[in-house]
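In what follows, a single structure is set out as structure tokens and then discussed.
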Amino acid sequence: MKKTNQMRKIIYAFAAIAFLSFAQSCKKDSAFLDKQPTSTLPIDAVWKDPNLVLTVVGDLYDRYPDYQTIEAWWTFTDFDEGFASASGDYFRHQNLEYGYDAWRYWDMGVYGYIRDLNMFIKRGQESTALKAEDRDRFLAEARFIRAGIYFEMVKRMGGVPLITTVLDYDYSGNPSYLQFPRAKETEIYDFVIAELEAVKNILPDNATIQSRATKAAALAMESRAALYAGSIAKYSNSQLTLPGGEVGISSSLANAYFTKSLAAAKEIIDGGKYSLYKKNPNLSENFAALFTDKGSNPEVIFAKDFKLKTNKAHGFTIDNQPRSSAEEAQGGRLNPSLNLVQSFEKLDNTYASMASVDGSGNPVYYTNITDIFAGRDARLAGTVILPGTQFKGKTVDIWAGYQLANGTIITGDNFGQSKSEVLPDNPASVQVVGRDGPVDGLEFSAQSGFYVRKYLDPATGSGQIGTRSDVWWIRYRYAEVLLNAAEAAFELGDPTTAANYIKQVRDRAGLTVALTPAQITFDRIVHERKVEFAFEGHELWDMKRWRLADKVWNGSNMSAADFINANNIGSATRTSTQVFGLWPYKYYNPGNANHLKYVFKVIKPSRVTAAHRFRIGNYYSSIGQDVLNGNPKIVRNPNQ
Amino acid sequence: MIGALIAVLFASCKKDNYDAPQADFTGRIVYKGEPISVQYGQVNFELWQSGFGNYSAINVNVSQDGTYGAKLFNGDYKLVFSPNQGPFLWKKNAAGKQDTIAVNINGSKTMDIEVMPYYMIRGATITAAAGKVNAFCKLEKIITNANAKDIENVSLYINKTQFVDGSNNIATQQISGAAIADLNNLNMSVTIPGITPTQNYVFARIGVKIAGVDDLIFTPVSKLSF
């Protein structure tokens, strides 16, 4: 009986399946084939709902380009700011020259991105279902992003084809109507500036919006772009020009660009909605917190934000946390260089090498390991974890070994190694090297003697692979606006205004003796940006626009003598082709007054074997041969 | 089934369609027959061959002593230095672009490539004495028209290996261009630092950096015993 029931059920089931299948095939073809896909949304459906449009805009923001960023710590070691303490990245210090294709940003992906933006703008303009204010904000954001991409392209490549409409191929076999020549370098800068001017008043003027475009974000980008164009014009070099103007800006245009840069910066400053971050009275802690504090941070204008427990978290803290207190068995990759560390000036506004030896070459003995760094710009300890300072409440253990009275060095080859019977008259087992190194050639140890602090997340768990960090990447902040204004004013011959803007940034760094207008020089401005914006991705672009890159990274090798009692630290053209370090040693000489005091040695990490050489052809990245083959109207960049 | 598999595997054992390139293309970069010494691995020219799909260049490096060598297939090539390669100018065509030289390769070929350097180093002598390396040279300005360029600096480099230049040296002495009073009387001297392991010879040469030109022009490398 039971069995029959089951049989009946099966028969019913088959009958039902058969019936449904036949019924299905009786439908019209069009009803069957014209189904809406469930995995994607049709365009007109998206443009009915602001939340759906926001998801599209989110993707457009997500593809916004950065070269040096906290998501790629190794890019900070490509120049002279840092040493890469990771075995897969030593090559960055072993390549003499930069390839002409370095920093290239011109391929199918970039123009695909621009096409997506142009398509977004076109559809937005055609849509009627959204409220006008919502739609206008989205369109302004897309134009802001598009301006950002063209700015990124022009600073890397020079003039590029300026495409602002959606181009489609007609399959005629003749693609020549799609082949556009390169615009002039000035035309791209002018486009960027004009677009940002056009959208600034459509975008919200709200300082609490920091990860989407705002009025201030547009003005900050405009100020930076105009400043770049102005300095390219002012410091132009006859070799860095093309007859068609694709590369090179006439020096007669410099003042107009500087004026625009100053005006855009002033509009943010006079708006009064932003201010320098000054929450913590300890100036170094304050400077470090500026980058990690995401709660009502008044300095941040535009940032790439991250969020824990999503796939938008990053591993900057995992990669770079001090090894001794790391939450994983790794960290310590990015080691700030002595080149950078010694650039932080003394509180009386003078420059000096770290005093490892006195004026006559005798070693200086320090009671505390941090004493050698005392009396410097507060940004030093906010940017760099110095030996003997703390991160997450734990003191880093950076010292390279013992130095005996006869100069012999006692050291180890692993983190915090102990050895017995190595010190005179002391058979006990003693630790002979810090738990953070430095050990030459040992990855994750502080091979330059320093760890990076900027952008290192103080939150518990930020160093764990399972948690990661949600510290944001700040693309535009108020201090840059001030320094842009200072530089533009200086270049326009107004050092009083420049001194006034630069003072605000330096006051926050504890440099309370204000520079007089007469003390504001080009070298001072170069210096200020170097120390304020270390590890923020400015260095390459600044060195390029000032045409200093081929002088500073000139391929000549350096020696320790360049870092001992150097008298040209404030010079904008000081050679800086190799990264050096400063290692602390404990002086071991029982009975001597200096017993167990610290001495310091300038060292070159042995993995640094080549001197960086930036050639004139590196100022504008080469254009790919595939691009040249595909479009005969494209001219090559100069000197390659 | 197994037979088919074996057939497939053995099919891949066939020889390649092409033999490796056989022809040697060698020569020197010269000015009026004198080779131009440059930095190792820094100066190269391009060989282009048309007729094989998309263009891309074969880069041929010039050695320290101004010689070059490449293994090529037989065929017609166009030879060109891209702008600003080397401490010299390359002739331009009527449109102001870098001109090309047609090179026909049919078997091995030796060819000297004539270029127009900004400066030539003349009468260089480099000697070692009393723990120092002393050098003397004159500079002749070859390009004197609108393309002429100033000297940024003149350097004497010494190194413990035969590769001697700005990034490979153990000591260097530099005269800045502004400090040069007489192009026909340049003297430099550099102390030989301690070398580990000890060796009783060094390699030395003089390099001239021309303002706004990436590549230096050098004298030939001298090996000096002391």
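The values are calculated or read from the model by the stated rules, or taken from the named source; none is laboratory data. Note that the coordinates shown come from a computational prediction; the quantities given were computed from them, not determined experimentally. All Cβ positions, even for glycine, are placed from backbone atoms using ideal geometry, and neighbour counts span all protein chains on display.
Which residues, taken from region A:355-377, are aliphatic (A, V, I, L, M) and either assigned to a strand (DSSP E or B) or surrounded by fewer than 20 Cβ atoms within 10 Å (Cβ to Cβ) (or both)?
Start the filter on region A:355-377 by keeping residues that are aliphatic (A, V, I, L, M), which leaves A:355, A:357, A:364, A:369, A:372, A:374.
Hits for region A:355-377 are A:ALA355, A:VAL357, A:VAL364, A:ALA374.
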TODO: Can you tell me which residue among B:MET120, B:MET111, B:MET116 is in contact (Cβ under 8 Å) with a residue 60 or more places away in the chain, closer than 22 Å to B:GLY41 by Cβ and either loosely packed, with under 12 Cβ neighbours inside 10 Å or in contact with a strand residue (DSSP E or B) (Cβ under 7 Å, 6 or more places away or on another chain) (or both)?
DONE: B:MET111
- [ ] Just one of (1) surrounded by 12 or more Cβ atoms within 10 Å (Cβ to Cβ); (2) closer than 23 Å to A:ALA610 by Cβ; (3) modelled with pLDDT under 90 trips up B:GLY194, so point out which.
- [x] (1)
Task: For A:ASP542: the one exception among (1) within 12 Å of another protein chain (Cβ to nearest Cβ); (2) within 23 Å of the chain's Cα centre (by Cα) - done: (1)
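For every residue, the table says whether it meets (1) among the basic types (Lys, Arg); (2) part of a strand (DSSP E or B); (3) touching a Phe, Trp or Tyr at 6+ places or on another chain (Cβ under 7 Å).
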residue	(1), (2), (3)
B:PHE45	no, yes, yes
B:SER50	no, no, no
B:LYS71	yes, yes, no
B:TYR77	no, yes, yes
Open item on the list: Return the pair list, or none, for Cβ contacts closer than 8 Å from residues in region A:388-416 that are under 25 Å from A:PRO590 (Cα atoms) and assigned to a loop (DSSP other than H, G, I, E, B) to residues that are at pLDDT below 90 and not charged (D, E, K, R), at least 6 apart or on different chains.
Closed with: A:ILE398/A:GLY437; A:ALA400/A:GLY437
Task: Count - residues of region B:167-183 that are touching a Lys or Arg at 6+ places or on another chain (Cβ under 8 Å) and either within 12 Å of another protein chain (Cβ to nearest Cβ) or at pLDDT 90 or above (or both) - done: 2
Task: Cβ-Cβ under 6 Å pairs, at least 6 apart or on other chains, region A:233-254 side away from every other protein chain (no Cβ under 12 Å) and surrounded by fewer than 20 Cβ atoms within 10 Å (Cβ to Cβ), far side part of a loop (DSSP other than H, G, I, E, B) and not small (Gly, Ala, Ser) - done: A:TYR235/A:TRP546; A:TYR235/A:ARG547; A:GLY245/A:LYS184
Open item on the list: Looking for something closer than 18 Å to A:ARG92 by Cβ, touching a Leu at 6+ places or on another chain (Cβ under 9 Å), charged (D, E, K, R) and within 14 Å of chain B (Cβ to nearest Cβ) - is there at least one such residue anywhere in region A:601-608?
Closed with: no
- [ ] Inspect all residues belonging to region B:46-60 and state whether any of them is within 11 Å of chain A (Cβ to nearest Cβ), at positive phi and of a type in the set (Gly, Ala, Ser).
- [x] yes
- [ ] For region A:557-568, indicate whether the set of residues that are over 23 Å from B:ASN159 (Cβ atoms) and buried (at least 20 other Cβ atoms within 10 Å of the Cβ) is non-empty.
- [x] no
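Take A:GLY244 and tell me if it is outside any helix (DSSP H, G or I) and closer than 23 Å to A:LEU548 by Cβ. First the steps, then the outcome.
On the way: outside any helix (DSSP H, G or I): yes; closer than 23 Å to A:LEU548 by Cβ: no.
It is false that A:GLY244 is outside any helix (DSSP H, G or I) and closer than 23 Å to A:LEU548 by Cβ.
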- [ ] Specify which of the listed residues (A:ARG477, A:ARG453) is at pLDDT 95 or above, over 20 Å from A:GLY331 (Cα atoms) and crowded, with 24+ Cβ neighbours inside 10 Å.
- [x] A:ARG477
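When the residues of region A:340-354 are filtered to those that are part of a loop (DSSP other than H, G, I, E, B) and among the aliphatic types (A, V, I, L, M), which remaining residue is surrounded by the most Cβ atoms within 10 Å (Cβ to Cβ)?
Step one: of region A:340-354, the residues part of a loop (DSSP other than H, G, I, E, B) are A:342-345, A:347-354.
From what is left, the residues that are among the aliphatic types (A, V, I, L, M) are A:347, A:352, A:354.
Details: A:LEU347: 15, A:ALA352: 16, A:MET354: 20.
Of everything passing the filter in region A:340-354, A:MET354 is surrounded by the most Cβ atoms within 10 Å (Cβ to Cβ).
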Task: Test: A:VAL526 is surrounded by 24 or more Cβ atoms within 10 Å (Cβ to Cβ), within 24 Å of A:LEU253 (Cα to Cα), under 19 Å from the mean Cα position of the chain (by Cα) and away from every other protein chain (no Cβ under 14 Å) - done: no
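Do we find that A:PRO584 is at pLDDT 95 or above, more than 23 Å from the chain's Cα centre (by Cα) and away from chain B (no Cβ under 14 Å) in this structure?
yes
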- [ ] Residue by residue through region A:474-507, note down the ones that are of a type outside the set (Phe, Trp, Tyr) and outside any helix (DSSP H, G or I).
- [x] A:ILE474, A:ARG475, A:ARG477, A:LEU492, A:GLY493, A:ASP494
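Residues to consider are B:LYS209, B:LYS160, B:LYS223; find the one that is within 23 Å of the chain's Cα centre (by Cα) and more than 14 Å from chain A (Cβ to nearest Cβ). Break it down stepwise before answering.
Numbers: B:LYS209 fails: more than 14 Å from chain A (Cβ to nearest Cβ); B:LYS160 fails: more than 14 Å from chain A (Cβ to nearest Cβ).
Just one listed residue meets the conditions, B:LYS223.
Hand me the list of strands (runs of 3 or more DSSP E) wholly inside region B:130-226 holding 2 or more residues that are more than 30 Å from B:PRO83 (Cβ to Cβ) and hydrophobic (A, V, I, L, M, F, W, C). Spell out how you get there, then give the answer.
Numbers: elements: B:132-141, B:151-159, B:171-176, B:186-191, B:201-210, B:222-225.
Of the strands (runs of 3 or more DSSP E) lying wholly inside region B:130-226, those with at least 2 residues that are more than 30 Å from B:PRO83 (Cβ to Cβ) and hydrophobic (A, V, I, L, M, F, W, C) span B:132-141, B:186-191, B:201-210.
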